[in-house]
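Before any comments, here is the structure.
Coordinate-derived values only; no laboratory data. Note that the structure is a prediction, hence the values are computed from the model and not measured. Glycine also receives a Cβ, built like all others from the backbone with ideal geometry; neighbour counts cover every protein chain displayed.
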Amino acid sequence: MEGPEMRTTFVGNPDDYVDARQFEMLLEQFAEDNSSRRGAPPAATSFIENLPSVIISTSHQINDDVICPVCKDPIPTRARAKQLPCMHLYHSSCILPWFSSRNTCPVCRYELPTDDAEYERSKQATTNVRDIQVVEENLMNKRSR
């Protein structure tokens, strides 16, 4: 043989590897499939429209300035801020765009309602299953006493 021998070495199963052409095809497939959206939908429009504004006061500033968790800039005293049900505070200009693509608090992941009925139904079903599991565990614990 002339020149160095070129040999492809695979670790594991060679069928697990994708060549560049296959990879491009896979990416195109994902790009075309809009139904493959991952994660939760945006927050409900009615919720966003009714999100309360508060005036930052000295009572909000326990140890330091109130800092917007999205942009990391301070929210000055006497400025308006949006307050979530979880009590976290944000600049309006920061949190409103956030909710156009997400339905959770950026800090604690408190989940807000959405306009997606299917998502809300599946969320409720999951909650019901968890509630049943908790009740069953409590019953089992009482019986074992």
Fill in the blank from the handout: Interchain or sequence-distant (5+) residues whose placed amide H lies within less than 5 Å of the amide H of T104 are L112
Handout entry: Cβ-derived FRET efficiency at R0 30 Å, I55 paired with R109, nearest 0.05
Key = 0.70
Fill in the blank from the handout: Per the rule of 0.36 nm per residue minus the C-alpha distance, extending I67 to S100 adds in nm 9.7 nm
Exercise for the section: Considering Cα pairs under 8 angstrom that are at least six residues apart, work out the relative contact order of region 45-114 and quote it in whole percent. Expected result: 29 percent
Handout entry: Rotationally averaged projected area of region 42-105 (alpha carbon convex hull; nm²)
Key = 4.0 nm²
Handout entry: Amide H partners (placed H, <5 Å) of I75, local residues excluded
Key = V66, I67, C68
